[in-house]
Amino acid sequence: MKVDLTADSRSIFFRCVEDCSEPIMISDKTGRLQYVNPAWERTYGYTKAEAIGDTPRLLRSHYQSDEFYKKMWSKILNPEIEMWKGEVVNRAKDGKFVPVLLTITPYKEASETVGYMAIAVDLTERRSMERQILRQDRLASIGMLASSLAHEIGNPLGVIRGRAEIIMNSLKSGLTNTTEASVQGLDTIIGQIDRISRLIESLLKISRVPQEIRLAQVPLALMAGEVATLLGENLRRKGIQLDNRLQSSQVSVMADSHHLQQILLNLMINSVHAIEEERKRSGRTDDHVIRLDVEEGDSEHTTLVIEDTGCGLTPEVKQRMFEPFFTTKTPGQGTGLGLAIVQRLVEEMQGCIRVESRGPGLGSRMLIQLRSSSPTSPASGVTKP
Ligand SMILES: Nc1ncnc2c1ncn2[C@@H]1O[C@H](COP(=O)(O)OP(=O)(O)OP(=O)(O)O)[C@@H](O)[C@H]1O
Ligand SMILES: [Mg+2]
C-alpha cells in the first residue's frame with residue numbers, strides 16, 4: 001500500500017525519530033548507514049558524521065559470532081519473517097559494552113526492500129539491576145549456608161575430638177593394648193579430616209567471586225566425547241548404557257570448557273546414583289540409560305539435556321535439590337553441594353538450569369540452556385553476511 005505523506009506529516013515523522021529516546025539507525029540495502037538519531041549518538045559515542053557511510057560493523061563486539069549474524073540475516077531476508085528481534089552486546093566508541101534489545105526490519109518502497117531499520121533498547125541499566133539483585137540474593141543465601149555449615153563441620157569435629165580424647169586417655173593410663181586401638185582411632189580422625197577438606201574445597205567453588213571468564217566456542221560433540229571417556233568404563237561396569245546423542249551434534253555453545261566438563265560429570269554422577277537408588281527401590285536390576293542430548297532452541301540458545309531412568313524426583317526433592325547441603329544420601333555419602341556448584345557454574349556462563357521429572361521412579365531430565373553463539377570470530381556487530 002502506497003502512502004502519500006504531506007510535507008507536514010513527513011516532518012512529524014522525522015521529529016519523532018529524531019527525538020526518540022531509543023537508538024535508531026537506518027542503512028541502505030548494502031548495509032551502509034544513512035541515518036542515526038541523536039539517541040544512537042549518545043549511546044555509542046560516535047557522531048552522525050562518523051557513522052554515516054560506515055556499516056553497523058562499527059559496533060561489533062566479541063559477544064556474537066559470524067554464525068549468529070548469518071542466522072539473524074537469514075530471518076530478516078526470509079520473505080515470510082522479514083524481521084529479527086533479540087539481544088546483542090554492542091561496543092561503543094570508548095570500548096564500553098552496551099547490551100541492547102534490537103529489532104531489525106526492512107523498509108520498502110513499492111514492495112522492494114530499499115534498506116533496513118534497527119531500533120535498540122538499551123539494557124545497561126536493567127543488567128546492572130539484575131546483578132544487584134543477584135548479589136543481594138547471594139548475601140541472603142550466606143546465612144543459610146552458615147547454619148548448614150556449622151552442622152556439616154560440627155559433626156566430624158565432634159568425632160575427631162572424641163577419638164583424640166580416647167587415644168589420649170589410653171596413652172595417659174599406659175594401657176598395654178593401646179597401639180591397635182590408637183591406629184584405628186587415628187584412621188577415623190584422618191577420614192573425618194578428609195571429609196572436612198572436601199567440604200571446604202566444594203564451598204570454595206560455590207563462594208568464589210566469579211572471575212571474568214572468557215566464554216569460547218565449545219563443540220558439544222567434543223565435550224561429550226571427553227566425558228564419555230572419563231565415565232564410560234564406570235558406567236559399563238555398573239550395567240548402565242550411555243546414549244550419547246551429542247556425539248553426532250554439530251552444535252557449539254558459548255562456554256568455559258572446564259566448567260562444562262565439571263557440570264556434565266556432576267550431573268552424570270548424580271544420574272548414576274539415581275539409577276542405583278531406583279534398582280534398590282524396585283529390587284530389579286533392569287537396564288538403565290543415561291542420555292546426553294541437545295535441543296536447539298531459538299537462534300541464540302541451545303539446551304543441553306542430561307536424562308536418566310533413575311529414581312526420579314518427589315516434589316520436595318525437586319524443590320530443594322539446588323539448595324547447598326540438601327542431599328537424600330546417607331550421611332557421609334554426599335555433601336549436597338554438587339548441584340549448588342553446578343548451578344553456580346551455569347550462571348557464570350550466563351546460562352540457566354532447570355529440572356524435569358514425571359515423579360518418583362520415572363527418571364529425571366536436567367536442562368541447561370546456554371548461548372549457542374561463539375565469540376571466536378573477530379568482533380561482530382549488526383552486519384549483513
Ligand atoms: N538425576 C537425579 N535423579 C534423582 N535425584 C537427583 C538427581 N540429581 C540430584 N538428585 C537429588 O538431589 C540431591 C542433591 O544433589 P547434589 O548433587 O546437590 O548432592 P548429592 O549428590 O546428594 O551430594 P554430592 O553431589 O556431594 O555427592 C540428591 O541427594 C538427590 O536427592
Ligand atoms: Mg551430586
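None of the figures in this text is laboratory data; all of them are computed from the coordinates on show. Since the structure is predicted, the reported quantities are computational estimates derived from the model, not experimental observations. We place every Cβ from the backbone using ideal geometry, glycine too, and count neighbours over all the protein chains shown.
Seen from a random direction on average, the alpha-carbon convex hull of the stretch 213-371 projects onto 9.2 square nanometres. Near the amide H of H288, within less than 5 Å, lie the amide hydrogens of Q241, all on another chain or at least 5 residues away, with H placed in the peptide plane. Karplus-based coupling profile of the stretch 38-45, in residue order and whole Hz: x, 5, 4, 4, 5, 5, 9, x, with θ = phi - 60° in 6.51 cos²θ - 1.76 cosθ + 1.60 and x standing for Gly or Pro. Working from Cα positions, state the angle (0 to 90°, nearest 10) between the long axis of helix 338-348 and the longest principal axis of the chain. Between the helix axis and the principal axis of the chain, the angle is about 20 degrees.
By how many degrees, 0 to 90 and rounded to 10, does the Cα axis of helix 178-207 deviate from the longest principal axis of the chain? Once rounded, one gets 10 degrees. Remark: spin-label model distance V17-C352 equals 3.5 nm, labels positioned 7 Å along the Cα→Cβ axis.
Please check: in the Gaussian network model of the chain (C-alpha springs, under 10 Å), which one of E152, E18, E80 has the largest mean-square fluctuation. Result: E80 has the largest fluctuation of those listed.
Largest GNM mean-square fluctuation across M223, M168, M25, computed for the chain with C-alpha springs under 10 Å, falls on M168.
Comparing M72, M129, M117 in a Gaussian network model of the chain where C-alpha atoms under 10 Å apart are linked, the largest mean-square fluctuation is found at M129. The long axis of helix 257-282 is offset from the longest Cα principal axis of the chain by roughly 50 degrees.
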